[in-house]
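> Okay, here's the structure, questions in a sec.
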Amino acid sequence: MGRLTRCRREYGLPGIDDPNPSDPAPADDGISIMDTAAGDTTLIVSMRELAAFGVDEPITFHQHVNHALFNPSGTRLCFMHRYERADGIMHSRLFTIDRRGASAGGGLRMLFEGLVSHYDWLDDGRILAWAGKRGLLGGGTDARAGFNPVKRAMPLARRGLKPVYYALGKPRFLMNKILKDAYHIIHDADPSEYEVFAKGQLITDGHPTVSPKGRGISTDGYPDTKSRQPRYLWDLERDEGHEIGRFFTPR
């Protein structure tokens, strides 16, 4: 929580300090499992391991993890590995891991990279996530991006437009139209098999919750300029849904 307070204030707890403020990827911090009966806590994957996963050289930006979530049967969990790139863009990598941990052969997998926001498990093997590859923004560490005028201009444009975007109430449908962010169904066993969910209908980021029997999804959106927050229901069996209303949310 101290690291989140430093790296992502909105998720941390004020008054708790980061024990590793100078270490970009600590070996003693990451995702832990607690035995609530015994009170024992075991680190199952560290940020240092994550920094070296899937890359030629370890990631050197200051990193954090959050949003750890068990699948319905409690056998695997997903979580986000995040860091702010040199161009100021937050980069996200969605991982899953067996509760035994990486060192015990717990199948550490990176399912998606680029933008990953909110998610929930549809079942034991699939995750519904608001995500996007965001190819226009480049990878943030690719030296060749400096020679691509589009990839070089997009982060600068994003930085300049960000205050306007927030003033308009964070209209996430713009991210759907411009950067192709959308809800995706991502398969844990084969991450390359992902598909867009409710294409053209659920076009704004929200906080999806899957019903206990997996029949439906409840999600929301960000408040509009009149501070009205939408709420949506989606029937997975019929593959259809609708907005049930907009509700006043103080800024």
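> Out of everything in region 1-46 that is free of Cβ contacts under 8 Å to residues at least 12 places away in the same chain and in a helix (DSSP H, G or I), what residue ends up being surrounded by the fewest Cβ atoms within 10 Å (Cβ to Cβ)?
E10
> So, one more: Has region 74-94 got at least one residue that is among the aromatic types (F, W, Y), in contact with a Lys or Arg (Cβ under 8 Å, 6 or more places away or on another chain) and closer than 30 Å to G214 by Cβ? Walk me through how you get there before you give the answer.
So in region 74-94, the residues among the aromatic types (F, W, Y) come out as 79, 83.
Next, only the ones that are in contact with a Lys or Arg (Cβ under 8 Å, 6 or more places away or on another chain) stay: none.
No, the conditions are met nowhere in region 74-94.
> Same structure, new question: May I ask you to verify whether D181 is crowded, with 19+ Cβ neighbours inside 10 Å and in contact with a strand residue (DSSP E or B) (Cβ under 7 Å, 6 or more places away or on another chain)?
yes
> Does region 56-88 hold any residues that are in a loop (DSSP other than H, G, I, E, B), closer than 18 Å to F112 by Cβ and modelled with pLDDT under 95, and which are they?
R85
> Which residues, taken from region 107-123, are of a type in the set (D, E, K, R), out of contact with any Lys or Arg (no Cβ under 8 Å at 6 or more places or on another chain) and assigned to a strand (DSSP E or B)?
Once the filter is applied, which keeps residues that are of a type in the set (D, E, K, R), out of contact with any Lys or Arg (no Cβ under 8 Å at 6 or more places or on another chain) and assigned to a strand (DSSP E or B), region 107-123 yields R109, D120.
> Answer with yes or no whether H91 is assigned to a strand (DSSP E or B), in contact with a Cys (Cβ under 6 Å, 6 or more places away or on another chain) and not hydrophobic (A, V, I, L, M, F, W, C).
Working: assigned to a strand (DSSP E or B): yes; in contact with a Cys (Cβ under 6 Å, 6 or more places away or on another chain): no; not hydrophobic (A, V, I, L, M, F, W, C): yes.
Here the answer is no, as H91 does not meet what is asked.
> So R93 passes all but one of these: (1) without any contact (Cβ under 8 Å) to a residue 60 or more places away in the chain; (2) among the basic types (K, R); (3) out of contact with any helix residue (DSSP H, G or I) (no Cβ under 9 Å at 6 or more places or on another chain); (4) buried (at least 16 other Cβ atoms within 10 Å of the Cβ). Which condition number does it fail?
Against the list (1) without any contact (Cβ under 8 Å) to a residue 60 or more places away in the chain; (2) among the basic types (K, R); (3) out of contact with any helix residue (DSSP H, G or I) (no Cβ under 9 Å at 6 or more places or on another chain); (4) buried (at least 16 other Cβ atoms within 10 Å of the Cβ), R93 comes up short only on (3).
The values are calculated or read from the model by the stated rules, or taken from the named source; none is laboratory data. None of these values were measured; they are calculated from a predicted model. With ideal geometry, Cβ positions are generated from the backbone for all residues, glycine too; neighbour counts draw on all protein chains shown.
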